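Participant: Take this structure first; my questions come after.
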Amino acid sequence: MRHSFLHRGRRLSYLDFGGPGRPLLALHGHYNEATAFAPLAAALSPDWRVLALDQRGHGESDRADSYGREDYVEDVAAFHDHLGLGPLPVVGHSLGGVNAYQYAARHPERVTLLAVEDIGAVVDIDTAFTRRLPGPQPTREALTQALGTAAPYLECSFRKKDDGWGFSFDADDTIASQHALTGDHWADWTSLTCPTLLVHGTDSDEITPDHAREMHARHPGPVHRVELAAGHVVHHDAPDDFANALRSFLTT
């Protein structure tokens, strides 16, 4: 079920996938939105109730003037406050992964378990793909064709607008967000105290196995690293293996 709340005058939307399970916060990556977690929510049900935020500028949430690190972390805190829930697990992919581990680092009393999907402690994003995204297309099928092999990863964000089929995010906003995400975030990673799961894909173009091993070695607390046969979007390329790894971690 979709809900929304106001944070500093902007509307933030989220999906509550429902069920009797324990709550779990989920944070998507660039080009995606809360609906990207629908298959994972189904896989974790009924033990876990997934609550997924449309992060600023994505999905049904309002666009913003700024996409800085503190902006995203404050949104996560506002989301958590709005839900009125105590400490809980947080899972995040890519952009959402950095947001998740920075939130856990800065609010350790609020995060019991942390799962980070395919993003490093040092991030260097190439914005070329974003700059090449197609403009409005006459039909959904035309947009799918224009995207080629990338279409399955972005289709949850397809939207029909007045000028044709496009995306729920804006390319310029995404580029601003990617620039702000690029940087060295070791200070946050090495200050984590909660048990952490790091999942990365063997064919990822965002994090190398060597960097994942370094993150494992430099994490100060309990950490478990899982490498799966997948690209950057592990939960899409290997949904069952990803769900199984996450489920196992959440029940340890």
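Participant: Kindly provide the set of residues from segment 121-144 that are touching a residue at least 24 places away in the same chain (Cβ under 8 Å), under 23 Å from residue 172 (Cα atoms) and open to solvent by less than 10 Å² (accessible area, probe 1.4 Å), ordered by number.
Facilitator: 123, 130
Participant: Kindly list, by first and then second residue, each pair from a residue in segment 183-202 that is open to solvent by 40 Å² or more (accessible area, probe 1.4 Å) to a residue that is not hydrophobic (A, V, I, L, M, F, W, C), limited to pairs with Cβ atoms under 7 Å and residues at least 6 apart or on different chains.
Facilitator: Taking only residues 6 or more apart or on different chains, the pairs are 190/218; 190/220; 193/108; 193/221; 195/221; 195/222; 202/227.
Participant: Kindly provide the set of residues from segment 76-116 that are surrounded by fewer than 23 Cβ atoms within 10 Å (Cβ to Cβ) and either touching a residue at least 60 places away in the same chain (Cβ under 8 Å) or in a strand (DSSP E or B) (or both), ordered by number.
Facilitator: 78, 79, 82, 83, 85, 88, 102, 105, 106, 108, 112, 113
Participant: Next up: Out of (1) farther than 19 Å from residue 249 by Cα; (2) in contact with a strand residue (DSSP E or B) (Cβ under 9 Å, 6 or more places away or on another chain); (3) surrounded by fewer than 24 Cβ atoms within 10 Å (Cβ to Cβ); (4) not small (Gly, Ala, Ser), what's the single condition that is false for residue 72?
Facilitator: Unmet condition: (3).
Participant: Moving on to the next point. Might you check whether a residue that is free of Cβ contacts under 8 Å to residues at least 24 places away in the same chain and either open to solvent by 30 Å² or more (accessible area, probe 1.4 Å) or not β-branched (Val, Ile, Thr) (or both) occurs anywhere in segment 161-173?
Facilitator: Among the residues of segment 161-173, at least one is free of Cβ contacts under 8 Å to residues at least 24 places away in the same chain and either open to solvent by 30 Å² or more (accessible area, probe 1.4 Å) or not β-branched (Val, Ile, Thr) (or both), which makes the answer yes.
Participant: Tell me whether segment 147-160 contains one or more residues that are open to solvent by 30 Å² or more (accessible area, probe 1.4 Å), touching a strand residue (DSSP E or B) at 6+ places or on another chain (Cβ under 9 Å) and farther than 30 Å from residue 186 by Cβ.
Facilitator: Yes.
Participant: Before we move on, is residue 155 over 20 Å from residue 60 (Cβ atoms) and either of a type in the set (D, E, K, R) or without any contact (Cβ under 8 Å) to a residue 24 or more places away in the chain (or both)?
Facilitator: Here the answer is no, as residue 155 does not meet what is asked.
Participant: From (1) within 13 Å of residue 116 (Cβ to Cβ); (2) open to solvent by 70 Å² or more (accessible area, probe 1.4 Å); (3) out of contact with any Ser or Thr (no Cβ under 9 Å at 6 or more places or on another chain), pick out the condition that doesn't hold for residue 224.
Facilitator: For residue 224, the failing item is (3).
Participant: Limited to segment 234-248, what total is found for residues that are within 17 Å of residue 27 (Cβ to Cβ) and open to solvent by 20 Å² or more (accessible area, probe 1.4 Å)?
Facilitator: The number of residues fulfilling the criteria is 2.
Participant: Applying the selection to segment 31-55, what residues are open to solvent by 20 Å² or more (accessible area, probe 1.4 Å) and outside any helix (DSSP H, G or I)?
Facilitator: If the condition is that a residue be open to solvent by 20 Å² or more (accessible area, probe 1.4 Å) and outside any helix (DSSP H, G or I), then 31, 45, 46, 47, 49 are the ones that fit.
The values are calculated or read from the model by the stated rules, or taken from the named source; none is laboratory data. Quick caveat, the model's predicted, so the values are computed rather than measured. Glycine also receives a Cβ, built like all others from the backbone with ideal geometry; neighbour counts cover every protein chain displayed. We work out accessible area using only protein heavy atoms, side chains counted, and drop any ligands, DNA or RNA first. Shrake-Rupley method; radii C 1.70, N 1.55, O 1.52, S 1.80 Å.
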